[in-house]
Amino acid sequence: MTNVSALGQFMASPEDNLSERISSFTASSMAPKPFGMTGPVNLGMSADVDLNSGRHDIEAYSNKTSALAKSLEQNSLDFSSVHNFDVVMSHTMSQEDYAKAKEDGFDMRDLDPQEAVTILDKVKTVLAQSGQIIDGYNDDLDIETLKNIVGNEVMAGDILDAFHQNDIPATKENIRDVVNAVEKGSLLTEPKDTAVNYLVENKLEPSVDNFYLADHATNGRRSGQGSYYMEGGYLNKTGAGLALDDIAASISEVIEEAGFEAADEKMQDTARKLLKDGLALTPDNLQKKIEIDNISFPLTREVIIDSAAAAIADGKKATQGSFSDHESLVQKAVSLKKSLFLEETRFEMSAEVNLRLLRSGITIDTSYVEKAVEELKAANDQIANVLFPDRSNALDLYDLYKKTNEEVGVIKESPAAVIGALTKEFKSATLEDIFNKGSALKASYEKAQATYEAVGTQVRSDLGDSIKKAFRNVDEVLKGIDLELTDDNRRAVRILSYNHAEVTSSSVEAVRAIDNKLVSTIDKLKPSAVLDMIREGRNPLAMTLDELGGYLDDKDKDPDKQSDKYSRFLYKLEKNGQITDKEKESYIGIYRLFENLKKTDHAAIGMVLETGSEMTIGNLLTANRTLTRSKRGMDFKFDDDFGGLKAGERKNTAIDVQIETAFRYYSSKADKAYDNISPEKMLAFENAGNVIENTLLPAFADAMEHQGEEEKRLEKEVNKKELEDLRNTLSDGLSKDSASELEKADIPVTVRNLEAMEEIIASRKRRCLNKIWDQLRERVKAPQDKDQEDKDSLSGANLNEALDSLKDLNNYKNTIDNMARSLETAMNTADTYIDIKAIKLLHKELSVASTLADKGSYEIPVDTGAGEVSLHISFKKGDGASSKVEASIETENYGTVKADLSLLPDPNVHDASKVGGMLTTSAHGRADVRRFMENIKYIMTGDISSTDLSIMYEVTKQTSDDTNAAVSREADTTDKSLIKTAELFIKAVTDSISMMEGS
């Protein structure tokens, strides 16, 4: 038997000597798993076949399996590998996917591999089901670059169309992969029968790779001997001289089982040919044979491109695309959703009909339908366990997650009349209550075939004119009750009218507040927020709007989330060439106002209400500055006993429910402004003749909702920039090492963490530019006003002293955390996109370093004479019961110095220990290098002649299994003697460098 196994990246082509290459692969050459697969897999280039004999076993064939169940028979998902993560995020996630995930509140850079792929699957299926045509899908690559890669404008267009249909990005790598598939596929000719039989027998898809493999693997030989027939539902080998006519009934049965007409002569001939060629006649083999026979050669360019694009969408190489099936898994998933409904309906119908038939003595086999439903339920369980890992009730939580998202969508489409109906029970009504009331109202409107205005802020175009006509006197009503002619007030009057309620100034203001609170909360209740709530043990459907709003406000205060939002604002600010420096300063100030309103629970709004001033942007800026200077920290909150506005000890008993209503309204408007604020919108607002500081808050918030073409362009551009950064991180050569360290330290392997870990590892390299420590010196500045210095921050402290104090491992984590707080201060004063991006990355690096310290892994800055590098210390489990210290540092003149240190019992001193182990360097044993290494040994042991600590030179290989790896879980990171040993090595290295450089 010839055992053939090829690597996934082995690309067979006509010019290759495939016979030699194939024979060189053995069973030990295990192919890497393609994205999404675990366990034994078939890459479409691997086979384990006997080229000289047929199968002689007897195998059952009669288990019925529906097409739906067959399509679900995939291996379980495995995205732990960085390579697989890279494939999914870099090669299959388009800009549209990234933007949609952002819209749903998910930042793909913060998700671990399994969660990221699960969310991406959802995004892709939603986009595919929507059927929307997305403009600008080729923005990943400019058209000139694309033409240069492809070399043919028409072909370039065909490739872009295929990418668009499969929702994959037009990156250089993807384009080149498809061009390669076209070049190789165009050289394929009609396959020989032996090659076709090879594909059938080994269940290989008809792809470029597999056709080349089959052709060279068989080289004209038959793939099997003898014939098979079916009898009693089992597969048997025919005896010599048995005529096929004798098993005609069995042949017909298999043809029908495969879904074809048994009377079809062509089908009969194909089935008999399989038997004559020594292959098993099974429904699967017959279907595969027909699929391959139906492929026309030479292959057209369109067929190759379509199959290649589908393959890339599924995380495969373009040359692994099937010519008989051009649908990607996402496209199949959309079709399967419809099929599931049909299967479940058929199952229900079958059960009902079966009861009647059973009474007649007739049974209908529905086992294949049951299997399909079981497979779908199993897939549902998998998703639940990814979104809610380590939870025994994951399926229930997933059901709650789906139900909440569905009900939020229904509420948005519910009649706006529900808002008026909630006025009296606003404080106690839960999200479920609002859904139920809204659904009931919607049903009554639809039953009466009446149109209605929805909760959603966007009024349907077909209702605009009719609403104006029906409420043409609304302005007169507002004038009569002395209220402004604003869209919010007009909508409140309409809502009151839908409920046949009295229109007064207080009722309009009450409904207006509830309306904006509901819309604001529902808009922010994105799938990501729902997921976080449920993971934290909350049931969104059982929470009131105030409870939901409070939770969402707290999420908005997250420093990482705020810095991301601010960086996008700055990017757009810098990319708009029409904004002057003075306007930039003003726009940043206004942005900071709304960010601070969020941080302080809208304290400035409360102050403006207290003074009775108009709620203009200028008055809010003044109130915010006053609060900042006085550090009053006013915190306005509502609870069940609320009788007015609370401001610490400054509660004014005269402030009543009217003020509460106004506060709720204006805070909702401030949230809306903060969610939508952008430089382009502010510029357009001012160009329309408005002065922002003189503008009322509601008018400004409404203006921020309108997105112009320039805003759309810049939004797309910043998404593209973030996606490019994500791809660069995953494609970096350090990703594998970074992922390994993160996994060993139980830190999630997210894109952001990978990026931070790569910077940490790079800082250990002598030639690395912009190491962490250099960045800290640049970013952490002393404040101009010493009175404003944060006592818990290192801002204003001597950073050199702080960096030097990292050598004290007992206080290492506290020092790192103080540095991180200093960077948060720096983020508050940054005013350029580059600055905020650099500070955020540095903050993440310190966060990862802090977590690594919890696991016993430390980065110590050491001046090697040619700049600082990180001396990496880690505690690991030793060969015996005790732990050991491993360390490594790259030096300018003495090579890469490593230490493997343990504590040994000291025979001369009772209950004491001494340092033992090995010191190595990659440098030659020159006199200066020997002096350097011997000095380290002397400081460590006090005795240069000690045999407990040996020295080796010119050691280039690692002295342990993984010098980059973080601490192992078994290591004792609290052993004081071990910590002192590590600190002693740090001192030995720094003192020795200082001594050698000084001499």
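Would you mind ranking Y498, Y98 by Cβ crowding within 10 Å, fewest neighbours first? Can you show the working numbers first?
Details: Y498 19, Y98 23.
Fewest-to-most ranking of Y498, Y98: Y498, Y98.
Does the range 400-546 classify as rounded, prolate or oblate by the C-alpha gyration tensor (a ≥ b ≥ c root eigenvalues; a/c under 1.5 gives rounded; else a/b over b/c gives prolate, otherwise oblate)? Here the range 400-546 falls in the prolate category.
Neighbour counting of Cβ atoms within 10 Å sorts the residues D390, D928, fewest neighbours leading, into D390, D928.
Determine the alpha carbon to alpha carbon distance for each of K100/K377; K575/K598; K102/K840; K565/K716 and list only those over 22 Å.
Details: K100/K377 26 Å; K575/K598 26 Å; K102/K840 19 Å; K565/K716 15 Å.
From the list (K100/K377; K575/K598; K102/K840; K565/K716), the Cα-Cα distance tops 22 Å for K100/K377; K575/K598.
Straight distance only, please: which lysines reach the Cα of K276 with their own Cα at less than 29 Å, same-chain residues fewer than 8 apart left out? Counting by Cα, and skipping residues close in sequence, K276 has these lysines nearby: K64, K70, K192, K203, K237, K266, K288, K289. The 3J(HN,Hα) values that the Karplus relation (6.51, -1.76, 1.60; θ = phi - 60°) gives for the range 577-588 are, in residue order, x, 9, 8, 6, 4, 5, 5, 4, 4, 5, 5, 5 Hz. Gly and Pro appear as x. The fewest-to-most ranking of H91, H706 by surrounding Cβ atoms within 10 Å reads H706, H91.
Residues in the range 161-174 carry Karplus couplings, in order, of 4, 5, 5, 4, 4, 9, 6, 10, x, 8, 8, 4, 4, 5 Hz; the curve used is 6.51 cos²θ - 1.76 cosθ + 1.60 with θ = phi - 60°, and Gly or Pro positions show x. Residue pairs exceeding 26 angstrom between C-alpha atoms, taken from K124/K184; K403/K837; K876/K898; K555/K807: K124/K184; K403/K837; K555/K807.
Taking θ as phi - 60° and the Karplus parameters 6.51, -1.76 and 1.60, the scalar couplings of the range 600-612 work out to 9, 6, 6, 4, 5, 4, x, 5, 5, 5, 4, 7, x Hz in sequence order, x denoting glycine and proline.
In this structure, the amide hydrogen of L871, modeled 1.01 Å from its nitrogen in the peptide plane, lies closer than 5 angstrom to those of I860, V862, counting only residues at least 5 positions away or on a different chain.
None of the figures in this text is laboratory data; all of them are computed from the coordinates on show. What you are looking at is a predicted structure, and each value in this text was computed from that prediction instead of being measured. Heads up, the Cβs are rebuilt from the backbone with ideal geometry, glycines too, and the neighbour counts pull from every protein chain shown.
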